[in-house]
1. I'd like the orientation of helix 30-48 relative to the chain: the angle between its Cα long axis and the longest Cα principal axis, in ° from 0 to 90, rounded to 10.
2. What are the ³J(HN,Hα) couplings of region 116-133, residue after residue, when phi is run through the Karplus curve with 6.51, -1.76, 1.60 and θ = phi - 60°? Round to Hz, x for glycine and proline.
3. Viscosity 1.567 mPa s, temperature 4 °C: Stokes-Einstein D of region 74-166 from its Kirkwood Cα radius, in µm² per second?
4. As a test of the formula, what do you get for the chain when each DSSP H run with n ≥ 4 contributes -39,500 (n - 2.57) and the sum is divided by the residue count, at 222 nm and rounded to the nearest 500 deg cm²/dmol?
5. In square nanometres, what is one fourth of the surface area of the convex hull spanned by the alpha carbons of region 1-151?
6. Could you give the length gained by full extension between residue 157 and residue 35, i.e. 0.36 nm per residue of separation minus their alpha carbon distance, to one decimal place?
Amino acid sequence: MPPPSEPLEAFVEVARSYCGLIEQVETLSRDTVLDRLAVLLPRLLELAVQLPSDEPSTDVDAGEVSYGAWRERFVAVNHTLGDLGDYWTSMDVGGDQEPEVVNLPLADDLADIWRDLRGGLSLVDVPETVVDAVWEWRFNFEIHWGAHAVEALRAVHAARTHSPRD
């Protein structure tokens, strides 16, 4: 197996920082959380597109994060963000029909990203499953958490620039 690449090492570091933030969100101020998200989300997006696109080496699945664990993070993030927790958007970016505008909870985006990153972190510390972790992150980035990160970044930027600071 080839040695870890610099983008992979950087991605793991940022993924751990993001997961740590979400796991301690209830101990931090809203402004601290927003400021850290404003740095971590674009870095995750940047590094995710640089991850190697190797196929998984085994049939090992990333560690499943239970619905209960996800829900606990969702509630904690939602509580910390308070009235900044919802935003308006349209996830439909193509096609001929006018998209429907919807109101979404930022906590859902942040908890979903956490779940997808946390699962890969359970594999990355075992040399035999690093490639599997990378595949999981890249695959889930393309089909799921990448869109959540883009929407969350827009909502975080709006919250930081359009609301009073603590």
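Please treat every number below as a calculation from the coordinates, not as lab data. Quick caveat, the model's predicted, so the values are computed rather than measured.
1. 40 degrees
2. Once θ is set to phi - 60°, the couplings for region 116-133 become 5, 6, 4, x, x, 4, 5, 9, 5, 7, 9, x, 5, 10, 4, 4, 5, 4 Hz.
3. Working: Rh = 14.9 Å.
Rounded to a whole number, D works out at 87 µm²/s.
4. Details: 6 runs with 99 residues, N = 166.
When only DSSP H runs of four or more count, the value is -20000 deg cm²/dmol.
5. Values: hull surface 39.0 nm².
Result: 9.8 nm².
6. Details: separation 122, 0.36 × 122 = 43.92 nm, distance 0.91 nm.
Taking 0.36 nm per residue and subtracting the Cα distance, the gain is 43.0 nm.
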